[in-house]
Amino acid sequence: MHIDLGTLVVVSLLAYGLAFLIIGIITVLPMAIVKTRKRAVERREEKTIVEAPTVATEQSLLIAIAAAAAKYVHRLKSLKVSQGPPLLMERTSWHLRSRMEYLRVHEIPRYVRRR
Amino acid sequence: MDLQTLLSIFIQQSGFGTLIESNVEFFIRILFMVWGFVLLYLGLRRVEPLLLIPLGISMILANAPGLHLVQYHCYMCSKDSAPSMLEGLKGLANIIELDNVYRVCTPDATALLAWIYHIFVRTEIGPVLIFFGIGALSDFRPMLSYPVASIIGASAQLGIITVTAIAFMLGFKVNEAMAIGVIGGADGPTTIYTATNIAPYLVGPLTIAVYSYIALIPVIQPPIARLLIPRKYRAIKMPPPREVSSKEIILFWIAMIIIIAFLVPHALPLVIALALGNIIRECGITEVTARYGKTVPEALLDIATIITMLGVGATLSYDFLSQFVASQRAEAYLEFLFKAFLVLGLGLVAFIISTVGGIALAWLLYFVTRGKVNPLIGCAGVSAVPISARVSQREASRVDPSVYILYHALGPNVAGVIGTAIVAGFYIGFIKQVLPGLVP
């Protein structure tokens, strides 16, 4: 195939345009994704704060905490005493903290929505 | 055996034997050796010593009469005979299309430098490994922290497209013109990668041109910047950059690989190497960053650079070039040397136009953002990392020492590396698709 100067210039301009397009997309895309995710988390937190303080919610929360406490009693019983008090304490507190965190993030908003 | 015969054998096997066999060969070898010594001298004078010292040594060794470290064995092959076999041989042999026949040249079993060229440069392993090291060495946060300025990295490829057209008008073939244009990107590994793909016989002059001008950026760019940017605009302070997380950088590379794979697949080896190196740096896993993160940007990068430069130096030799010239006459070699010096001149033009392209877009951003962008960061669109970014900072500091734009300038700087890879990948794809016969 014969290539003249006009074709070469068009090919070069295409390559140049492609560089603009790709660099434009790839630099903006990650920032957009991260910002969208951040905004979604913020929106979820706002929703939780707005809907939380009702009598029904407090009752649900108490039920949920009672259920969690019952689970921990069971969990404590299942741990062997031979593992030693420090380990026992550590594991229990860790489980309790993680359970409370789970309640805060997932179960409380769910109860709130249900009520 | 008498003394005269012994003496004759001694002379034949020495370097002087070449002089007796062919004056042209001896003359060309000496010419290239002198060129090699000049590069070695420049390297020893601290002009890009990491590159020019191995390059100079390789040229001297490759051209030493009687040593034949780049010796090839050539034979003729009819165009009808076994085209599939010739296609298969392309990886290891240089196949040159002459009038009615193909000249097939394979390296001699003991031609050390020829094998280094074939294994590390021709197969693209060398440039790709250098990019791997550069990826592990570079910080892409500045690019993502101020994405608008990264577009300068694309704009500074103006030198590539302009010089491609100029070289074509000066009589270079399309593939040669494109390979010469890529010098304007100011990116050594990409230039080598492009040249080996579309014009392997020009890889030597192109490499010398690109690395010489990268070393000369602190001399070339400041006058252009002072000419195009009035003093008061050089002192513009830019807003503090946004914080960029490692997660964002990894996301950026994933997006980049997917987009490049679909739009410019020929740039993918370079981009993947860059991505892999940078992910090693950013992944945050102690085992990886402590081990690979130490080896890749130091030992691996150094080894890849030395071997690639030895391979490139081998291409600037009588033995290598004799495969590509149609007739073994002095004129054919002198024509190559003329082309090589023309390449050096065009390289300088490409660098200047790329700098102007970068500054022009930086000015546009200055107006769009209502004075938040210092036009000096336009110099950094030329992808010589981090030399051109340092030039921007130095020029700003000269006007006002409290101005800090180095971080902002590094954004277009690393974006320029990607921009050059995209344009080069597009060129390679075009030549391989439309004009495959031009590539030996």
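The values are calculated or read from the model by the stated rules, or taken from the named source; none is laboratory data. This one's a predicted model, so the numbers in the text were calculated from it and none came from an experiment. Note: ideal-geometry Cβ built from the backbone for every residue, glycine included; neighbour counts use all protein chains shown.
A compact table of results
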| quantity | calculated |
| --- | --- |
| In the stretch B:236-255, the residues that are surrounded by fewer than 19 Cβ atoms within 10 Å (Cβ to Cβ), in contact with a helix residue (DSSP H, G or I) (Cβ under 8 Å, 6 or more places away or on another chain), in contact (Cβ under 8 Å) with a residue 12 or more places away in the chain and not in a helix (DSSP H, G or I) | B:PRO241, B:ARG242, B:GLU243 |
| Qualifying positions in the stretch B:373-397 - touching a His at 6+ places or on another chain (Cβ under 8 Å) and either surrounded by fewer than 24 Cβ atoms within 10 Å (Cβ to Cβ) or not hydrophobic (A, V, I, L, M, F, W, C) (or both) | B:ASN374 |
| In the stretch B:339-398, the residues that are closer than 22 Å to B:THR420 by Cα and free of Cβ contacts under 8 Å to residues at least 12 places away in the same chain | B:GLY345, B:LEU364 |
| Within the stretch B:32-63, considering residues that are surrounded by fewer than 18 Cβ atoms within 10 Å (Cβ to Cβ), hydrophobic (A, V, I, L, M, F, W, C) and at pLDDT below 90, the one nearest to B:SER14 (Cα to Cα) | B:LEU50 |
| Options A:SER12, A:SER60: the member that is assigned to a helix (DSSP H, G or I) and at pLDDT below 75 | A:SER60 |
| Total residues in the stretch B:157-201, condition of a type in the set (A, V, I, L, M, F, W, C) and more than 22 Å from B:LEU316 (Cα to Cα) | 9 |
| Identity of the residue in the stretch B:111-126, in contact (Cβ under 8 Å) with a residue 40 or more places away in the chain and not in a helix (DSSP H, G or I), that ends up surrounded by the most Cβ atoms within 10 Å (Cβ to Cβ) | B:ALA111 |
| Hey, B:ALA424 within 10 Å of another protein chain (Cβ to nearest Cβ), farther than 30 Å from B:ASN94 by Cα and in a helix (DSSP H, G or I) or not | no |
| Residue match in the stretch B:349-361 (condition: of a type in the set (S, T, N, Q) and buried (at least 20 other Cβ atoms within 10 Å of the Cβ)) | yes |
| B:GLY171 being over 26 Å from B:ILE224 (Cα atoms) and surrounded by fewer than 22 Cβ atoms within 10 Å (Cβ to Cβ) | yes |
| Subset of the stretch B:412-440 (residues that are polar (S, T, N, Q) and touching a Gly at 6+ places or on another chain (Cβ under 6 Å)) | B:THR420 |
| Which listed residue, of B:ARG242, B:ARG231, is within 30 Å of B:PRO401 (Cα to Cα) and within 13 Å of chain A (Cβ to nearest Cβ) | B:ARG242 |
| Yes/no for B:VAL325 being surrounded by fewer than 20 Cβ atoms within 10 Å (Cβ to Cβ), modelled with pLDDT under 90 and not in a helix (DSSP H, G or I) | yes |
| Unique match (being in a helix (DSSP H, G or I), within 25 Å of B:ALA199 (Cα to Cα) and among the charged types (D, E, K, R)) among B:GLU335, B:GLU298, B:GLU395 | B:GLU335 |
| The stretch A:22-40: number of residues that are more than 18 Å from B:ILE418 (Cβ to Cβ) and within 7 Å of chain B (Cβ to nearest Cβ) | 2 |
| Complete set of residues in the stretch B:273-295 that are more than 12 Å from B:ILE249 (Cα to Cα), in contact with a helix residue (DSSP H, G or I) (Cβ under 8 Å, 6 or more places away or on another chain) and at pLDDT below 90 | B:VAL288, B:THR289, B:GLY293 |
| Hits in the stretch B:280-295 - residues which are in a helix (DSSP H, G or I) and surrounded by fewer than 18 Cβ atoms within 10 Å (Cβ to Cβ) | B:THR286, B:GLU287, B:VAL288, B:THR289, B:ALA290, B:ARG291, B:LYS294, B:THR295 |
| Matching residues in the stretch B:388-427 - criterion: being more than 21 Å from B:ILE272 (Cα to Cα) and touching a Pro at 6+ places or on another chain (Cβ under 7 Å) | B:VAL391, B:GLU395, B:TYR407, B:HIS408 |
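One line per residue, one yes/no per condition, for (1) among the β-branched types (Val, Ile, Thr); (2) crowded, with 24+ Cβ neighbours inside 10 Å; (3) touching a helix residue (DSSP H, G or I) at 6+ places or on another chain (Cβ under 9 Å):
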| residue | (1), (2), (3) |
| --- | --- |
| B:ILE183 | yes, yes, yes |
| B:THR194 | yes, yes, yes |
| B:ALA209 | no, yes, yes |
| B:ALA215 | no, no, yes |
| B:GLN221 | no, yes, yes |
